[in-house]
Amino acid sequence: MRIDIVTIFPEFFSVLDVSLLGKARQSGLIDLGVHDLRDFTIDRHRTVDDTPYGGGAGMVMRAEPWGQALDGILDASLERGVFDPLIVFPSPAGDVFTQAMAQQLSSEKQIVFGCGRYEGIDQRVVEYAETRTRVKLVSLGDYVLNGGEVATMAMIEAIGRLIPGVVGNPASLVEESHSSGLLEYPAYTKPGNWRGLDVPPVLLSGNHGAIARWRLEQQLERTRRVRPELLPPELR
Ligand code: 6GU
């Protein structure tokens, strides 16, 4: 998958050099391009924002640098043979990001993340982008971040690990999807007793049926207690 990021904080994304996603890049499963929005300004001060029409607090990101950045990326997509990359604008006003959305997005050929800061991006950037390709506004949830960078990072991690070959042991993804909708069961490793605390004996029993039943019970109990809305009404 090709991933492009437009941001005023390109150095923020250096963490994508390490860990699982760093390896995925080295092996060519993920091809990442990080673009500094200020490189698409033409004034001496590399200005990316201005005051809002109609008044109000804060600054709005100017349309022109965004237009130039997106044009460059979309023209390069065409040359790569990608005719309709998905542009994602992280925004608290977007559809809420879920595992199901991550699953869908993991089969895209190319995703372009447009990270807004300040009070947002001039709305005409979204309108223009929609004339050129597919566009989605996506929110991480009901709270406010200062900009789209952290949200983009979270989405890239969730999407990236679903790309075939990125996670070393695909069985871990299969297990996840089988238990989809429920919270994880608790995990334990050696020693069997730590600071007076025992591992639940069933896990030492060697009885695989009993272990599977216990784990499912734990998942149901946790989900009921913490996230009942995830359960079908008859299981709450
Ligand atoms: Cl995607 N962006 C910003 N700025 N704030 C958020 C968010 C996204 N999701 C939740 N809060």
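Observations on the structure shown:
- Qualifying positions in segment 2-22 - at pLDDT 95 or above and either basic (Lys, Arg) or at positive phi (or both): ARG2
For (1) within 16 Å of the ligand (Cβ to nearest atom); (2) modelled with pLDDT of 95 or more, each residue gets a yes or a no:
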{"residue": "GLU79", "(1), (2)": "no, yes"}
{"residue": "PRO85", "(1), (2)": "no, yes"}
{"residue": "PHE89", "(1), (2)": "yes, yes"}
{"residue": "GLY94", "(1), (2)": "yes, yes"}
{"residue": "ALA102", "(1), (2)": "yes, yes"}
{"residue": "ARG117", "(1), (2)": "yes, no"}
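- Wholly within segment 107-195, helices (runs of 4 or more DSSP H) carrying at least 3 residues that are touching a residue at least 60 places away in the same chain (Cβ under 8 Å): 123-132, 149-160
- Some residue of segment 62-75 being within 16 Å of the ligand (Cβ to nearest atom) and crowded, with 17+ Cβ neighbours inside 10 Å: yes
- Take the conditions (1) surrounded by fewer than 16 Cβ atoms within 10 Å (Cβ to Cβ); (2) within 16 Å of the ligand (Cβ to nearest atom); (3) aliphatic (A, V, I, L, M); VAL48 misses just one of them, which is (1).
- Members of segment 76-106 that are in a strand (DSSP E or B), loosely packed, with under 13 Cβ neighbours inside 10 Å and of a type in the set (A, V, I, L, M): ALA93, VAL96
- Verdict on ILE156 being touching a strand residue (DSSP E or B) at 6+ places or on another chain (Cβ under 7 Å) and closer than 29 Å to LEU78 by Cβ: yes
- Residues that are over 24 Å from the mean Cα position of the chain (by Cα), without any contact (Cβ under 8 Å) to a residue 60 or more places away in the chain and not in a loop (DSSP other than H, G, I, E, B) do not occur anywhere in segment 24-34.
- Positions within segment 148-191 being out of contact with any helix residue (DSSP H, G or I) (no Cβ under 9 Å at 6 or more places or on another chain) and within 16 Å of the ligand (Cβ to nearest atom), in sequence order: GLY148, ALA151, ALA154
The values are calculated or read from the model by the stated rules, or taken from the named source; none is laboratory data. The structure presented is a predicted model; accordingly, all values stated were derived computationally and were not measured. In this analysis, Cβ positions are derived from the backbone assuming ideal geometry, glycine residues included, and neighbour counts consider all displayed protein chains.
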